[in-house]
There are 4 protein chains.
Amino acid sequence: MANSKYEYVKDFERSDKLSPDQWIVVRIDGRGFTKFANKYAFEKPNDRKALDLMNEAAKFIMTEIPELVIAYGVSDEYSFVFHETCKLFERRESKLVTTIVSTFSSYYIYLWPKYFPDKPLSPPLPSFDGRAVLYPKTKHLRNYMSWRQADCHINNLYNTTFWSLIQQGGMTNQEAEKALAGTLSADKNEILFSRFGINYNNEPAIYKKGSVIFRDFELVEPDTHNTFQEVDDVAEPLEQSKTQAEKEKKKRLKARVVVEHLDIIQDEFWNKRPWILSNKPGKIPKASST
Amino acid sequence: MANSKYEYVKDFERSDKLSPDQWIVVRIDGRGFTKFANKYAFEKPNDRKALDLMNEAAKFIMTEIPELVIAYGVSDEYSFVFHETCKLFERRESKLVTTIVSTFSSYYIYLWPKYFPDKPLSPPLPSFDGRAVLYPKTKHLRNYMSWRQADCHINNLYNTTFWSLIQQGGMTNQEAEKALAGTLSADKNEILFSRFGINYNNEPAIYKKGSVIFRDFELVEPDTHNTFQEVDDVAEPLEQSKTQAEKEKKKRLKARVVVEHLDIIQDEFWNKRPWILSNKPGKIPKASST
Amino acid sequence: MANSKYEYVKDFERSDKLSPDQWIVVRIDGRGFTKFANKYAFEKPNDRKALDLMNEAAKFIMTEIPELVIAYGVSDEYSFVFHETCKLFERRESKLVTTIVSTFSSYYIYLWPKYFPDKPLSPPLPSFDGRAVLYPKTKHLRNYMSWRQADCHINNLYNTTFWSLIQQGGMTNQEAEKALAGTLSADKNEILFSRFGINYNNEPAIYKKGSVIFRDFELVEPDTHNTFQEVDDVAEPLEQSKTQAEKEKKKRLKARVVVEHLDIIQDEFWNKRPWILSNKPGKIPKASST
Amino acid sequence: MANSKYEYVKDFERSDKLSPDQWIVVRIDGRGFTKFANKYAFEKPNDRKALDLMNEAAKFIMTEIPELVIAYGVSDEYSFVFHETCKLFERRESKLVTTIVSTFSSYYIYLWPKYFPDKPLSPPLPSFDGRAVLYPKTKHLRNYMSWRQADCHINNLYNTTFWSLIQQGGMTNQEAEKALAGTLSADKNEILFSRFGINYNNEPAIYKKGSVIFRDFELVEPDTHNTFQEVDDVAEPLEQSKTQAEKEKKKRLKARVVVEHLDIIQDEFWNKRPWILSNKPGKIPKASST
């Protein structure tokens, strides 16, 4: 066939399967979102509608891809976590990353009019880049999640103070920047409270903690469990029966995907929801399944 | 700072810079588009509006990313070619691939209502996966492009005959498949002509040749040029002056991006448009610049 | 300088740093050793001198590279294990693999006359290939080691029976192969015992278990320890003080490197020697340090 | 079988096949050779016997691996070039690199007593590290070779002057270093000539040009050929018949492998020996085959 003469160029494609039994985090980021946020006049320091839009797009991703166990979003970035045992697309990196980036972009554009009915999009359109990072052990994944949430806290405290100085304090951007140079967290809390009457602790959790998305099963008593250990300790690979795998998949699809604004640095979050790290679905709570 | 304790997890990020001086092809494909085409009742064997939508989305990409020199689309796939000297994003693979996949997805959703005003999208939304392939030499790139266009021809001839047997010949899918098993191109041409009065040569070029997108400069006399050779032969890397690079970028942005349905297997296409492989912008044609 | 014109070719070198906090196993294999063994008339099924030569070469490697925590050898292959926290050569894969392969080859040639004084080497010389494999968790490393030792057992039982059938039973190679086709371990044990009076359990441990090399510190009571857990459970990366690191390095260099033929599949071996997985040197045994 | 339980650890092995149709350069370097050269009292600035030893080891490699088309050595480093079409070991990187590093190390130890009969080796033994670099086009390979030879020239001129200042001029190392700081080539030539009566041009070619190893066929008239172009220009991959490939392999094995000290920066070397870049064996010269 005439085709075969050229088909050899397929040999240049390289295998990009990710090594097994490691956590895969796909993090996406808005491209040029500072400019984009200005174009559509997003509120400072946080635009609630823009965050709700990010969260709804991410919730669609979590719902459509049951191999994801948790997602965490802050500002214009979102991290999606595939369980370490995940075999989706034979763990091909490009396929995993582009599927998430593309689907997220589609939902972002699709949902935009719902959140910004008065601000129709025009080219150049918003878009996202993304990458995968592998974490070999559960402790690394936990620390990755903690890193993003600690970052959220640090940035939000800074931004809240910065924009208070400008919006209520009448400073210019440069003056505000200068005023904050070298300040510690305590200093910023103090500025917010003494100058603007703002108790940072009372700020909305979505701004202080970011957003975490997961499947909602019945909470487990934290004392009865040490998920951490269970996950990495198993001495041999568990080969599930097909029936068992099917059953679990159904349970996952049946579970409600929820968006919360909780502390994910402490153990409590994880110990109460052992299914996130173990990937064994829990019990569907009464009266809360979809 | 509290953050630093977790920040070490960044060390798990790997460098994914693509080796220099090789052509980078990013090919994207619609995910599950057979099902998607059924959901929105795309016409068989080709839905002109669906192709026009793909082409307009791709045209936006070419316009927004001047480092791309050519793109080729057929059915639900599109190949975007970065010039071998391209340094965009330091040639980081994830960044290059996800930027294209995301931007394309955004435009696809955004432009959908223009082409299908009566068929509003609903979840699950269309999405695309993508991957990068490196081609070390110009001959490989040319052969890659030829491969895709040869594929387009082979598939379109098959599909045109297949759907004629069904739509006009009253066959079932299985009967049509059986009727075509083992047939050569000549056989299919004959079936089309003798049974349905269709001269395949008269079919629209967009179906037979696919769509090629490039910047439109003044055509060059083919005899005066052998681009092929020029491109790979240069014995040392050319370091452009900054002014020169700026000048060329402006010329590129000024050029009209066009969608055509031409033969890209023969040399003629490339010899007449030496700027595609050389990345040296040509002359802006009179009365045709945007 | 004249040089700079060509120096750009360095840009084609890719980074090959291995991801942190994973076990690095470098396994080397004799190239064409079946032919090589024939050329120098190695004894079948095991040539004790050839194995002793492999072991002494490997012991030199372990002694010269303190970042290695354990090595395991069988037949013409050897696996060297870098601790998961190892930062030698910035974890550059090529550097780690070639250093081991090269040093091993050097010692193999150098030590040859000691073991085979009557069989001087002649070209083509023996050589080894090698590769690195990453294991994310301690359980994987343990299973890797078990895999190699299980392989050793299976092959040695087969080979012992095969060569008994030939050397003592007078069979041809094909006859022996046929006689063993489809047999289980029990069958081979039975053949050895009933036909040749060989009790496989009494075969030398070096043939049945292979050779394991490690630093020799004072054994630890197994019950008091569960190394497995300790290693992966630490929630944050331990940054050692420089003094502490220096102190430990000295202890490692002071320890005797020993070659043993022990069971490394069971937990006992590892629990008694927690320093192998933890990389924290133990106590130097009295009267046994070098 | 007991084995299967652990065998899953093989899944952690990654494919490391190098992309096709690119030149593969494997460069090896002596590990810690400054110290090693001192231990065995190598002559400064060049030890002829140490270079001859390197060259003979490299010649064995070239002879044993017909897929190599050329090698270039200087000081304690050697670059081995696999032809871009080479399919040895399915182009697996580890296999290609370790085979060369290991075989070279073996020959280095084996040949040592021939060149240094009075200086027996003792641990720690000399060893080499190595890495592969891919060059997509012939011009890159040519520039790589030029880079190494230009480096050889620059270093040798510096070292010759440096050691003259010490050995004949009675300077200390620091004084010599200071005397040469900021000098150009012309200055060093002048120092050599005016102070020590050395005409650098008359220095032995092996020191000034390094050593190049290739198969020796009948030289070709340079004008009749432009190898450069031929090599990259072929529009489609050439699939040789098996007979043809066998015939060429025989010719390669029949050819004498020679060590020369020629200029490989200029075109002349390559144009007279088109078989190096084309990998098409030339004519065996009369009376010179082995």
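The values are calculated or read from the model by the stated rules, or taken from the named source; none is laboratory data. The structure displayed is predicted, hence computed values, not measured ones. Every residue, glycine as well, gets a Cβ built from its backbone with ideal geometry; the counts of neighbours run over all protein chains shown. Note: areas computed on protein heavy atoms with side chains; ligands, DNA, RNA excluded. Shrake-Rupley method; radii C 1.70, N 1.55, O 1.52, S 1.80 Å.
When we screen B:LYS35, B:LYS49, B:LYS44 for residues that are more than 8 Å from every other protein chain (Cβ to nearest Cβ), assigned to a helix (DSSP H, G or I), open to solvent by 10 Å² or more (accessible area, probe 1.4 Å) and touching a residue at least 40 places away in the same chain (Cβ under 8 Å), the only hit is B:LYS49.
Can you tell me which residue is nearest to C:CYS152 (Cα to Cα) among those in the range C:200-214 that are assigned to a helix (DSSP H, G or I) and without any contact (Cβ under 8 Å) to a residue 60 or more places away in the chain?
Here is the first cut: in the range C:200-214, the residues assigned to a helix (DSSP H, G or I) are C:200-202, C:205-209.
So of that shortlist, the ones also without any contact (Cβ under 8 Å) to a residue 60 or more places away in the chain come out as C:200-202, C:205, C:208.
Working: C:TYR200: 14, C:ASN201: 14, C:ASN202: 16, C:ALA205: 11, C:LYS208: 7 Å.
Among residues in the range C:200-214 that are assigned to a helix (DSSP H, G or I) and without any contact (Cβ under 8 Å) to a residue 60 or more places away in the chain, the one nearest to C:CYS152 (Cα to Cα) is C:LYS208.
Residues in the range B:153-188 that are within 14 Å of chain A (Cβ to nearest Cβ) and either closer than 30 Å to B:PHE269 by Cα or in contact (Cβ under 8 Å) with a residue 40 or more places away in the chain (or both): B:HIS153, B:ILE154, B:ASN155, B:ASN156, B:LEU157, B:TYR158, B:LEU184, B:SER185, B:ALA186, B:ASP187, B:LYS188. If the condition is being in contact with a Phe, Trp or Tyr (Cβ under 9 Å, 6 or more places away or on another chain), farther than 19 Å from B:GLU64 by Cβ and either among the small types (Gly, Ala, Ser) or not in a strand (DSSP E or B) (or both), then the range B:244-273 contributes B:HIS261, B:LEU262, B:ASP263, B:ILE264, B:ILE265, B:ASP267, B:TRP270, B:ASN271, B:ARG273. Assess whether D:TRP270 counts as being of a type in the set (Phe, Trp, Tyr) and touching a Gly at 6+ places or on another chain (Cβ under 6 Å). For D:TRP270, the condition - of a type in the set (Phe, Trp, Tyr) and touching a Gly at 6+ places or on another chain (Cβ under 6 Å) - is not met.
Among the residues making up the range C:154-199, those that are under 29 Å from the mean Cα position of the chain (by Cα), outside any helix (DSSP H, G or I) and closer than 21 Å to C:ASP47 by Cα are C:ILE198, C:ASN199. Pairing residues of the range C:94-111 that are over 16 Å from D:ILE109 (Cβ atoms) and free of Cβ contacts under 8 Å to residues at least 24 places away in the same chain with residues that are among the aliphatic types (A, V, I, L, M) and outside any helix (DSSP H, G or I), at Cβ distances under 9 Å and at least 6 apart in sequence or on separate chains, gives no pairs at all.
C:ALA150 fulfils the conditions (1) within 14 Å of chain A (Cβ to nearest Cβ); (2) surrounded by 21 or more Cβ atoms within 10 Å (Cβ to Cβ) except for a single criterion, (2). The set of residues from the range B:44-72 being farther than 29 Å from B:ASN173 by Cβ and over 12 Å from the mean Cα position of the chain (by Cα) comprises B:PHE60, B:THR63, B:GLU64, B:ILE65, B:PRO66, B:GLU67. With respect to being out of contact with any His (no Cβ under 6 Å at 6 or more places or on another chain) and buried (at least 21 other Cβ atoms within 10 Å of the Cβ), D:ASN156 fits the description.
Is the range B:76-90 home to any residue that is open to solvent by 20 Å² or more (accessible area, probe 1.4 Å), touching a residue at least 60 places away in the same chain (Cβ under 8 Å), over 14 Å from B:PHE128 (Cβ atoms) and at the interface with another protein chain (Cβ under 10 Å from one of its Cβ atoms)? No - not one qualifying residue is present in the range B:76-90. Taking the conditions exactly as written (acidic (Asp, Glu), open to solvent by 50 Å² or more (accessible area, probe 1.4 Å), farther than 19 Å from A:GLY73 by Cα and at pLDDT below 95), does A:GLU246 satisfy them or not? For A:GLU246, the condition - acidic (Asp, Glu), open to solvent by 50 Å² or more (accessible area, probe 1.4 Å), farther than 19 Å from A:GLY73 by Cα and at pLDDT below 95 - is met. Within the range A:106-123, the set of residues being closer than 22 Å to B:PRO124 by Cα and among the hydroxyl-bearing types (Ser, Thr, Tyr) comprises A:SER106, A:TYR107, A:TYR108, A:TYR110, A:TYR115.
Go through the range A:1-32 residue by residue and tally those that are more than 14 Å from chain B (Cβ to nearest Cβ) and small (Gly, Ala, Ser).
So the first thing to find is which residues in the range A:1-32 are more than 14 Å from chain B (Cβ to nearest Cβ), and the list is A:20-21.
When the remaining residues are screened for being small (Gly, Ala, Ser), the result is none.
Residues that pass the stated criteria total 0.
In the range D:207-220, which residue that is open to solvent by less than 50 Å² (accessible area, probe 1.4 Å) and among the aliphatic types (A, V, I, L, M) is modelled with the lowest pLDDT? Lay out the reasoning, then the answer.
Filtering the range D:207-220 down to residues open to solvent by less than 50 Å² (accessible area, probe 1.4 Å) leaves D:207-208, D:210-217, D:220.
Keeping just the survivors that are among the aliphatic types (A, V, I, L, M) gives D:212-213, D:220.
Details: D:VAL212: 98, D:ILE213: 98, D:VAL220: 91.
The qualifying residue modelled with the lowest pLDDT is D:VAL220.
Contact map, the range B:249-276: first residue in contact (Cβ under 8 Å) with a residue 60 or more places away in the chain, second residue β-branched (Val, Ile, Thr) and assigned to a loop (DSSP other than H, G, I, E, B), Cβ cut-off under 8 Å, separation 6 or more or different chains; pairs are B:TRP270/B:ILE264. Across the range B:115-141, the number of residues qualifying as more than 7 Å from every other protein chain (Cβ to nearest Cβ), open to solvent by less than 20 Å² (accessible area, probe 1.4 Å) and part of a helix (DSSP H, G or I) comes to 2.
Any chance the range C:59-71 includes a residue that's in a helix (DSSP H, G or I), surrounded by fewer than 22 Cβ atoms within 10 Å (Cβ to Cβ), within 13 Å of chain D (Cβ to nearest Cβ) and without any contact (Cβ under 8 Å) to a residue 40 or more places away in the chain? Within the range C:59-71, one or more residues are in a helix (DSSP H, G or I), surrounded by fewer than 22 Cβ atoms within 10 Å (Cβ to Cβ), within 13 Å of chain D (Cβ to nearest Cβ) and without any contact (Cβ under 8 Å) to a residue 40 or more places away in the chain. The residues of the range C:93-114 that are more than 9 Å from every other protein chain (Cβ to nearest Cβ) and open to solvent by 40 Å² or more (accessible area, probe 1.4 Å), listed by number, are C:PRO113, C:LYS114.
Screening the candidates B:THR98, B:THR85 for the property of being in a helix (DSSP H, G or I), among the β-branched types (Val, Ile, Thr) and either under 30 Å from D:THR138 (Cα atoms) or touching a strand residue (DSSP E or B) at 6+ places or on another chain (Cβ under 7 Å) (or both) yields one hit, B:THR98.
Using the structure shown, decide if A:THR290 is in contact with a strand residue (DSSP E or B) (Cβ under 9 Å, 6 or more places away or on another chain), over 30 Å from C:TRP147 (Cβ atoms) and at pLDDT below 90. Spell out the reasoning first.
Working: in contact with a strand residue (DSSP E or B) (Cβ under 9 Å, 6 or more places away or on another chain): yes; over 30 Å from C:TRP147 (Cβ atoms): yes; at pLDDT below 90: yes.
Criteria met by A:THR290.
Within the range C:170-206, the residues that satisfy the criterion of being open to solvent by 40 Å² or more (accessible area, probe 1.4 Å), of a type in the set (Ser, Thr, Tyr) and out of contact with any Leu (no Cβ under 8 Å at 6 or more places or on another chain) are C:THR172, C:SER194. Among the conditions (1) touching a Pro at 6+ places or on another chain (Cβ under 6 Å); (2) closer than 30 Å to C:VAL133 by Cβ, A:GLY130 misses just one, which is (1).
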